[in-house]
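The values are calculated or read from the model by the stated rules, or taken from the named source; none is laboratory data. Treat the numbers as computed from the prediction; the structure is a model and nothing was measured. All Cβ positions, even for glycine, are placed from backbone atoms using ideal geometry, and neighbour counts span all protein chains on display.
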Amino acid sequence: MKINFNVPPFTGKEYEYIKQAVDAQKICGDGQFTRNCNSWIEENTGCSKALLTTSCTHATELAALLADIKPGDEVIMPSYTFCSTADAFVLRGATVVFVDIRPDTMNMDENLIEDAITEKTRAIVPVHYAGVSCEMDKIMEIASKHGLLVIEDAAQGIMSAYKGKALGAIGDFGCFSFHETKNFSMGEGGAILIKDDSYIEKAEIFREKGTDRSKYYRGQVDKYRWQDFGSSYLPSELNAAYLWAQLEMADIINADRLDSWNHYRDRLSVLESAGKIEWQFIPEYCKHNAHMFYIKLKDVDERTRFIDHMKKNEILTVFHYVPLHSAPAGLKYCRFNGEDRYTTRESERLVRLPMYYGLKPDDIEYICDKVEEFFR
Ligand SMILES: *Cc1c(COP(=O)(O)O)cnc(C)c1O
């Protein structure tokens with residue numbers, strides 16, 4: 001392929017920081033690089049506590065543990081998301097209840113949530129698709145009215161905001177991903193953001209195999225012991241060192257992606273005005289992070305031809321997600337509340353164009369030439 005869909009972010013400082021971790025003979029979790037990353041997240045989101053995790057999947061599992069989700073509980077989310085959003089709750093024995101999305105942002109339709117609430121509902125899980133916020137005022141209002149927790153899947157939402165508030169730091173818990181396909185990466189990794197301080201001690205224990213080792217490291221106890229059930233959700237310093245090289249220059253990476261995003265928008269606006277393609281709506285009070293540049297075509301047939309056309313020109317474009325409610329595990333563990341008006345239909349029309357840190361303006365020109373060629 002001449003132009004890949006994704007290239008993992010790399011700034012050049014990664015090798016040096018990994019070497020520092022190796023030289024310091026500190027490669028397990030919760031060393032200086034992890035602390036740097038945690039503080040960066042806290043300072044940049046306004047959240048009182050952030051903890052790096054081994055993935056966003058694990059951050060969501062940790063949130064489900066903290067929320068004390070039990071068999072029989074129900075959790076509301078969109079079906080148009082990655083399976084990890086549902087996995088975390090299915091693992092706890094909960095039933096996932098899907099609601100339809102809005103076609104303009106591909107986010108869960110906030111007006112359909114209340115109808116999905118039953119006496120078993122415990123949490124709402126908004127997914128900020130493409131780094132564009134869900135309608136958080138409405139979602140927080142519904143949650144507070146019904147006594148529900150809000151767990152934000154902000155895997156794609158780092159450095160995005162809703163009415164001036166950082167995504168991930170609005171709900172009770174927020175989950176970031178640092179997978180290699182995300183704006184900032186550590187290979188595999190993520191973070192949990194915790195709003196209410198009363199959850200911090202529990203979070204540290206669940207994340208450290210059920211022990212109070214975090215307190216021990218801080219010198220608050222003289223030995224650490226097994227306190228509760230738990231797992232191992234803390235990443236190695238080697239991974240944290242890689243991530244730190246990017247968080248340190250997060251503004252530069254973010255600006256570069258936004259330049260690419262705006263370049264696409266400018267070049268393709270003729271096709272959009274002509275009604276050949278549609279694209280995402282960004283509410284004016286949402287600051288986005290250019291996580292994704294997608295377009296929507298007429299239907300699945302046109303999309304298949306489009307992806308083939310781009311591939312012939314050595315450009316990799318991809319689609320996702322197959323809605324969870326139609327997947328084998330979705331049929332087993334979940335139900336869809338209300339009508340699927342947009343989830344399936346819109347998911348079949350969407351295609352993502354190459355987007356990564358360092359994508360060259362010339363490459364964007366070439367990609368857009370080929371998009372235009374397809375419609376001629
Ligand atoms: C990437 C992603 C995840 C999973 O992140 P991992 O860090 O790979 O576990 C979860 N939800 C959404 C919406 C994602 O895009």
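Screening N111 on (1) within 24 Å of A166 (Cα to Cα); (2) polar (S, T, N, Q); (3) away from the ligand (no atom under 13 Å from the Cβ); (4) touching a Phe, Trp or Tyr at 6+ places or on another chain (Cβ under 8 Å) shows it passes everything except condition (4).
On the stretch given as the stretch 188-232, residues that are within 11 Å of the ligand (Cβ to nearest atom), part of a loop (DSSP other than H, G, I, E, B) and of a type in the set (G, A, S) total 1.
Of S160, S185, S177, all but one fail to be of a type in the set (S, T, Y), within 11 Å of the ligand (Cβ to nearest atom) and in contact with a helix residue (DSSP H, G or I) (Cβ under 6 Å, 6 or more places away or on another chain); the exception is S177. Name the residues in the stretch 89-115 that are touching a residue at least 60 places away in the same chain (Cβ under 8 Å) and either more than 20 Å from Q156 (Cβ to Cβ) or hydrophobic (A, V, I, L, M, F, W, C) (or both), would you? Result: V90, T95, V96, V97, F98, V99, I101, M106, L112, D115.
For the stretch 327-356, name all the residues that are among the basic types (K, R) and part of a helix (DSSP H, G or I). Residues satisfying the conditions are K332, R345. Checked against (1) within 11 Å of the ligand (Cβ to nearest atom); (2) buried (at least 24 other Cβ atoms within 10 Å of the Cβ), S133 meets all criteria but (1). Scanning the stretch 341-369 for residues that are crowded, with 18+ Cβ neighbours inside 10 Å and more than 22 Å from the chain's Cα centre (by Cα) gives I364, I367, C368. With the structure loaded, tell me whether A290 is surrounded by 15 or more Cβ atoms within 10 Å (Cβ to Cβ) and within 18 Å of I364 (Cα to Cα) or whether it fails that test. Here the answer is yes, as A290 does meet what is asked.
Residue-wise test of (1) surrounded by fewer than 16 Cβ atoms within 10 Å (Cβ to Cβ); (2) under 17 Å from the mean Cα position of the chain (by Cα); (3) modelled with pLDDT of 95 or more.
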site: A21; (1), (2), (3): no, no, yes
site: I41; (1), (2), (3): no, yes, yes
site: N44; (1), (2), (3): no, yes, yes
site: G72; (1), (2), (3): yes, no, yes
site: T85; (1), (2), (3): no, yes, yes
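When E42, E74 are screened for being among the charged types (D, E, K, R) and under 17 Å from I158 (Cβ atoms), only E42 passes.
Matching residues to (1) out of contact with any strand residue (DSSP E or B) (no Cβ under 8 Å at 6 or more places or on another chain); (2) more than 16 Å from L350 (Cβ to Cβ); (3) assigned to a helix (DSSP H, G or I):
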site	(1), (2), (3)
I295	no, no, no
K298	yes, no, no
F306	no, no, yes
H325	no, yes, yes
